[in-house]
Amino acid sequence: MALSPQCLEEIARLAATLDSNPLPTLALDPDDFDLPACRSVMAKARANLDDGLGFAIIDRIPLETMQRETAIKIYWLLARMVARPVAQKWSGEMVYTVADLTGKKPGNGIRPDITNAEQNFHNDNSYNLCPPDYVGLLCLQVAKSGGISRVVSLETAHNLLRAQNPELLKRLYRPYYFDRQREHDPAAEKAISRPVFTSEGGRLQCRLSRYLIEQGYALAHESLDEAGHAALDALTAIIDDAALYKEFHFAPGQIQILDNRRLGHKRTQFEDWQETERRRTLIRLWLRDRGRPFYNG
């Protein structure tokens, strides 16, 4: 979904306004700016999220013409035209950097998104009480190699599993433990129990993270039942089939937004550049109009 010349003109004027009038990103409201062309693009993106494929790539914010922080502010304003940003950590952080910040492997308390490890297909924040409806990513820098993005329709996977083995599908409608990644009050339970699939208003809703389910059972000091294992294995085999998922290489300045309720996404392992300023960096926003903007909704 290309930004029109009119939209790019609005963005250039917006960048100049933001540079001349410093304000924290979270205080910026698109209603304070005259951006009709940008609103039209983002309205089409929202329609595609809800009634189309559930996925949109906005191409692109011209990073070469502005400071990085200005680009993030413009991204924030464009995303707010789709839905309201919400907290991505229990501490309230709303603008989240996805990069290899640790040099460590993922584990309890270390999210995979701050490592360079390959991810499984997942829904963001599947382990929370109120996951986001949409996930936005702005690409600032790409890796030296790897880091390929993939998206898959969990609706399609659900329907294929129903045709292949309806009994295993039924197990995915019953609860699994999820590791909450220590994103909760210290006195709260470390794992929650939720189904992978539910139906709300006649539409499929998904919570998937094979890794966090396995971690969840370890935290709960319980063993995953045989049917639970088999159901996850069957679903994983479907979504890992290259015939089902789509993959693409991010380019700097591009924005990806996806429906976090219907689509799973992942990225492959990557090798980064040695220079800090060149390291793979994405800026993530979680968007949700339901509930309150708190991490727990």
Given (1) at pLDDT 95 or above; (2) touching a strand residue (DSSP E or B) at 6+ places or on another chain (Cβ under 9 Å); (3) open to solvent by 40 Å² or more (accessible area, probe 1.4 Å); (4) acidic (Asp, Glu), where does Asp133 come up short, assuming only one miss? (3)
Ile58: among the β-branched types (Val, Ile, Thr), open to solvent by less than 70 Å² (accessible area, probe 1.4 Å) and without any contact (Cβ under 8 Å) to a residue 40 or more places away in the chain, yes or no? no
Could you tell me which residue of the range 201-215 is surrounded by the most Cβ atoms within 10 Å (Cβ to Cβ), considering only residues that are of a type in the set (A, V, I, L, M, F, W, C) and assigned to a helix (DSSP H, G or I)? Leu212
Just to be sure I understand, how many residues within the range 133-158 are under 22 Å from Arg280 (Cβ atoms) and in a loop (DSSP other than H, G, I, E, B)? 5
Are there any pairs with C-beta distances below 6 angstrom linking a residue in the range 77-98 that is free of Cβ contacts under 8 Å to residues at least 40 places away in the same chain to a residue that is in a loop (DSSP other than H, G, I, E, B), with the two at least 6 apart or on different chains, and if so which? none
For Asn120, all conditions in the list (1) under 15 Å from Gln181 (Cα atoms); (2) modelled with pLDDT under 95; (3) under 16 Å from the mean Cα position of the chain (by Cα); (4) part of a loop (DSSP other than H, G, I, E, B) hold save one; what is the number of the exception? (1)
Which of the residues that make up the range 226-250 are out of contact with any Ser or Thr (no Cβ under 8 Å at 6 or more places or on another chain), of a type in the set (Asp, Glu) and touching a residue at least 24 places away in the same chain (Cβ under 8 Å)? Asp240
So which of Asp31, Asp19 ends up being assigned to a helix (DSSP H, G or I), open to solvent by 40 Å² or more (accessible area, probe 1.4 Å) and without any contact (Cβ under 8 Å) to a residue 12 or more places away in the chain? Asp31
Subset of the range 233-272, residues within 27 Å of Leu3 (Cβ to Cβ), open to solvent by less than 40 Å² (accessible area, probe 1.4 Å) and either part of a loop (DSSP other than H, G, I, E, B) or among the β-branched types (Val, Ile, Thr) (or both), comes to Tyr245, Phe250, Ala251, Gly253, Gln254, Ile255, Ile257, Asn260, Arg262
Matching residues, the range 128-152, being among the small types (Gly, Ala, Ser) and either without any contact (Cβ under 8 Å) to a residue 60 or more places away in the chain or within 25 Å of Pro85 (Cβ to Cβ) (or both): Gly136, Gly147, Ser149
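The values are calculated or read from the model by the stated rules, or taken from the named source; none is laboratory data. For clarity, every value in this text was computed on a predicted model and none was experimentally measured. With ideal geometry, Cβ positions are generated from the backbone for all residues, glycine too; neighbour counts draw on all protein chains shown. Remember, those area values only see protein heavy atoms, side chains included, never the ligands or the DNA or RNA. Shrake-Rupley method; radii C 1.70, N 1.55, O 1.52, S 1.80 Å.
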